[in-house]
Amino acid sequence: MNQKMAISVLFVVLVCFSCTPPAPVEETQPLPPTTLELLNQSLSPGINLGNALDAPAEGEWGVVIKDEYFEIIKDAGFNSVRVPVRWSAHTDTLAPFTIDSVFMARVHYVIDMALKHDLTVVVNTHHYNSLFNAPAEHLERLLAIWHQIGQSFATYPAQLVFEPLNEPHAKLTPALWNEWIPILTKELRSTNPDRTLMFGTANWGGISKLDSLVIPETEHNVIVTVHYYDPYHFTHQGASWSEGSDEWLGLTWAAEGEQLAQMGKDFDKIKAYSVKNNRPIYMGEFGAFSTVDTTSRVAWTSQVVQESEKRGFSWAYWEFCSGFGVYDSESDTYRDFLLKALIQDK
Ligand code: BGC
């Protein structure tokens, strides 16, 4: 090709190139989930090992955590356990508030077993009842408890999550709870700078005070946890610890009409908080007591799972083998109707 021809070809190429309509803008790929979101997702499906270490003493409420439970839980398709612990019953009441070493070793054993079975673990402070009527008198002790837990588990993998306090309520008001969150965070960061923390809502952990919950903006490694037992009279009918609950016996629930719409609204409220505050959500407790008729119980439970999963919340059912139990520890079998309501793709 002589020089003249080469210039003409170049000219044609350039002209054609400039005539080409602009390439359509490529759709942005979704951003890869962050480590925190991945950890949150790894909590689902989860189960609470309730009524064991949260009883005044393990076994007192009929549940001792047996070694084989971890395999039984993993095999059913659960990915995590929440381990509610009544530390306050095993800690000196005077400074320096030492946790009983035998009890600490027992909690270690349970958490080690769970991690060995590839279950992500949430450990909390459960049923610290005296604190809620006199919070100021108990803050120092709560911090000392978490200092010891923090030191004791500092080298544990990221699959262990700390939840500093279950269901704040009574005199631990939403405002006071918001003051405590940075104090507890500071304490936990002194021993576990990189561990994921979880904070729930005042007024018993439900959605009623969710909008008041303030997590310090500088603290990024936090999941917000919410409990869902609504309608309370339905889920707690006949529950001995809920006054007047015998009168609620017979209440039913179906995934239709006003009942379904209300649940959707409740979950939308949680989602709105999550988006506005950029916090992942863990539905850390939900369940309908064994006194609820099976059809309603299945409908409600499976709907909570669906509403959670639709919005990207992780979840843990309350609880494994007691009054809400998905597992019958006497016959050593799962209550299949409940298991199927929880793990729906099995
Ligand atoms: C309490 C349990 C109770 C459950 C449902 C939990 O937070 O610790 O004792 O059974 O809520 O009421």
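The values are calculated or read from the model by the stated rules, or taken from the named source; none is laboratory data. Fair warning: this is a prediction, and the values are worked out from it, not measured in the lab. Cβ atoms come from the backbone with ideal geometry, glycine included; neighbour counts cover every protein chain shown. All accessible areas refer to the heavy atoms of the entire protein, side chains included, with ligands and DNA or RNA removed. Shrake-Rupley method; radii C 1.70, N 1.55, O 1.52, S 1.80 Å.
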Total charge dipole magnitude, region 210-282, about the Cα centre, Cβ charges on Lys, Arg, Asp, Glu only, Debye to nearest 20: 360 debye
Of the accessible area of the chain, computed with a 1.4 Å probe and all protein chains kept, carbon and sulfur make up a percent value of 57 percent
What accessible area, in Å² to the nearest ten, does a 1.4 Å probe give for ILE47? 0 Å²
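Mean separation of Cα pairs under 8 Å and 6+ residues apart, divided by the residue count of the chain: what relative contact order is that in percent?
Averaging sequence separation for qualifying contacts and normalising by length gives 17 percent for the chain.
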Heavy-atom accessible area per residue, region 263-337, 1.4 Å probe: how many Å²? 37 Å²
Could you list which residues have their amide H under 5 Å from that of ARG82, counting only those 5 or more apart in sequence or on another chain, with H placed in the peptide plane? ILE47, ASN48, LEU49, VAL122
Which whole-number value in Å² is the accessible area per residue of region 112-206, probe 1.4 Å? 38 Å²
If you place +1 on the Cβ of every Lys and Arg and -1 on the Cβ of every Asp and Glu, how big does the dipole about the Cα centre of region 115-253 come out, in debye to the nearest 20? 380 debye
In region 177-278, with Lys and Arg counted as +1 and Asp and Glu as -1 at Cβ, which of these residues, ALA202, ALA255, LEU213, has the Cα nearest the positive end of the dipole, that is, farthest along it? LEU213
